[in-house]
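Inspection log for the structure reproduced underneath, given as structure tokens.
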Amino acid sequence: MSHCTHDHTHSPHHEGGCHCHCNSHSHDHVHSSDTHKPSFKVFIPDILSGLLLVATAVLAHLNVISGALPLCLFLISAIVTGLPIVIDGFAEWRRGDFMNEYTLMILAAIGAFWIGEYPEGVAVLLFYSFGEKLQDRASEKARAHIRGLVDKMPKTVAVESADGSIREMQPKDVAEGSRIRVKPGMRVALDGVLEGDDAISFDTSAITGEAVPRTVTPGEAVQSGLIPVDREVTLTTTCRLEDSSLSRILKTVEEAAEAKSHTETLIRRITRWYTPAVIAAAILLFAVAWAVIPAADFAWQTWFNRALILLVCACPCAMVISVPLSYFMSLGKASAHGVLVKGSTYFDAMCGVDTVLFDKTGTLTTGRFRIDGCRPADGISEETLLSLAAGMEAQSSHPLAQSVKDAAAERGITAAAVDDVTTVRHGLTARHEGKTALAGSRRLLADNGVDVPQDDTQTASTEIHLALGGEYMGVIRLTDEIKPTAAESIRLLHRMGIRNIGILSGDRKAAVQQAAEAIGADTCLAELSPEEKYGVMKQLKAEGRRIAYVGDGINDTPSLALADVGIAMGTAGTDAAMQHADAVIAGDDPARVPQLLHIARSARRVAITNVVFALSFKLIVMALGACGLASLWMAVFADTGVTLITIIYTLLALK
């Protein structure tokens, strides 16, 4: 998308079955500052129930207590831990959903008490309840980063009036274009532009996850959530609260909570037939035994116990809990590192990526240009050339445009008065003193009948050619630096098995080739318009490639939308990035790309491991139970014990 040839750089804006209780809360209020924070207190009923269970079982075994007293104590233990489960079960039944894990747990507990297996009946409810709360606690940790950021945002903003007086206002009441002051150590509540004469250091860790301060110069954008480090700053707000960077971030996280991955959806589809199938198998096991075995030899309690083992194993909680938990924790882990993913569904897409394509300017390079030289045509001065360029770039926020305007200002050159500035393929057109002005690539000038000298065509500098009234005015050359982590990012992607890594850029061929060689990219294509980039990606997809495209999210929106995974980088999420990208890197570090793909692969691996482990263990216990080789305790462990194991494994693997 490089601006050097003015290709696409000047858009107007630069642009089912089981419903486990624990899972039912796992995605709620991701963006809220709600006080719902699972703490140690929520485990107290389960701890008391467990202590009572153990004490009663030991005392009954030692014959210290007997008769109806053990039954009463076991019932109390079951009620303490199981009452919330019964309440939730009734709520589901009232909505017409009878085939859920509440039904299974309640039936299993009742069945265990019916045949005198009181400890097992309590254990079914106890371990299930404990597993729910452990999963809730794990999910809460994943939410903590975003909610913690919101909770720390200022409740009021110091707004400067026209007469210089200061008044405190709520952020939602501050109008666009207001002047606000932010003291050092306080968070910026609204997006704005830095005023003043000096560069200011901001702490960006809350947004980007990076501890390195970022220096912002006057006239540059400042995102909400940043913190001035050493002095008070004055900003002119560029939007209202609802349109600020932070608000868009929270909206993205909210969308992420609702978007389920393919793996999650598949698990839910499986549980729609898995749960009723096992219940039917339990009933069938008892019925067949009753029909086949002579009445004199039929031990109904033995076969009821075997059927009960199948019933307890039927609950797919380990799968329905651990799979969303693995993805949800990964969403939280990514957001803590400054990468906002719009839903776990995109993690599955990331796992299949075999091709990663990068934009160059601002993505692999710093995007901070300096003028390397001006070569005006004969009879044209550098001042005239820079003045015209600054005038045509006046409304652009692109790094190249900003560099041209800064260079003109530093030399005391006034921007030329131009009007009718229009974005076209490969650059800009405008009117100046009644003549048509052009600024952009060689192709732009050639397409408009302007002859461009061929000197130094192999330079790697970014070039802006200018013409006025059909006459060539000269060229401005700018240089950009490769980001320090770009080469390492490509190396990591190669190590992950991604063999097709390329650069698609609107910049000149020499500049793009130089960047590709410096970072170790496999391929590069230069001097591409947005439409041509789109065409290249469409051809690659037709060949079966699964593509991740990484761009600045401003004017690479066609490519971001077409890619299997669109990753927008920079400016902490512009409107275009939020609308068209699947993930937004809040900072500008390309190292976040392999990190994001690694997180996605880890989430998928953990989810699949949990499913295979849980399902295999359950099937083994079911088979043993049907043959009379497994006890109800084993069934309890196959359900709630395996659930706890998968939760703990998820917590450790995705820590």
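As an exercise, use a Förster radius of 30 Å and the Cβ-Cβ distance of Asp197 and Lys172 to find the FRET efficiency, rounded to the nearest 0.05.
Plugging the Cβ-Cβ distance into 1/(1 + (r/R0)^6) gives 0.45.
Once the other residues with Cβ under 15 Å from the Cβ of Ala563 are scored (Lys, Arg +1; Asp, Glu -1), what is the net sum?
With Lys, Arg at +1 and Asp, Glu at -1, the net is -2.
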(message) Taking loop as defined by DSSP and a crowding limit of 11 other beta carbons within 10 Å, which GluC sites (Glu not before Pro) in the range 370-451 fit?
(response) Glu433
(request) Starting from the exponent 0.38 and prefactor 2.2 Å, build the expected Rg for the range 370-479 from its residue count and divide its actual Cα Rg by it. (result) 0.95
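Would you mind calculating the relative contact order of the range 484-528 from Cα pairs under 8 angstrom and at least 6 residues apart, reporting the percent as a whole number?
With pairs under 8 Å counted, the relative contact order is 44 percent.
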(request) Compute the signed sum of charges (Lys and Arg +1, Asp and Glu -1) over the other residues within less than 11 Å, Cβ to Cβ, of Cys351. (result) +1
(request) State which entries of Lys155/Lys342; Lys360/Lys509; Lys333/Lys533; Lys342/Lys655 exceed 23 angstrom in Cα-Cα distance in the structure shown. (result) Lys155/Lys342; Lys333/Lys533
(request) For Thr215 and Asp378, compute 0.36 nm times the residue count separating them, minus their Cα-Cα distance, and round to one decimal in nm. (result) 54.7 nm
(request) Subtracting the Cα-Cα distance from 0.36 nm times the residue separation, let me have the gained length for Leu75 to Glu488 in nm, one decimal. (result) 142.5 nm
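Residues with beta-carbon under 15 Å from that of Arg95, excluding Arg95: net charge, scoring Lys, Arg +1 and Asp, Glu -1?
Residues near Arg95 contribute -3 overall.
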(request) For Val229 paired with Ala295, estimate the spin-label separation in nm (one decimal), with each label point 7 Å from Cα along the Cα-to-Cβ line. (result) 8.9 nm
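For Ala287 and Arg411 in one chain, what is 0.36 nm times their gap in residues minus the Cα-Cα distance, to one decimal in nm?
Once the chain is fully extended between Ala287 and Arg411, it gains 35.3 nm.
Readers should treat all values here as calculations from the given coordinates under stated rules, not as data from a laboratory. This structure is a prediction, so every number in the text was calculated from the model and none was measured. As a convention, Cβ positions derive from the backbone with ideal geometry for all residues, glycine included, and neighbour counts pool all protein chains shown.
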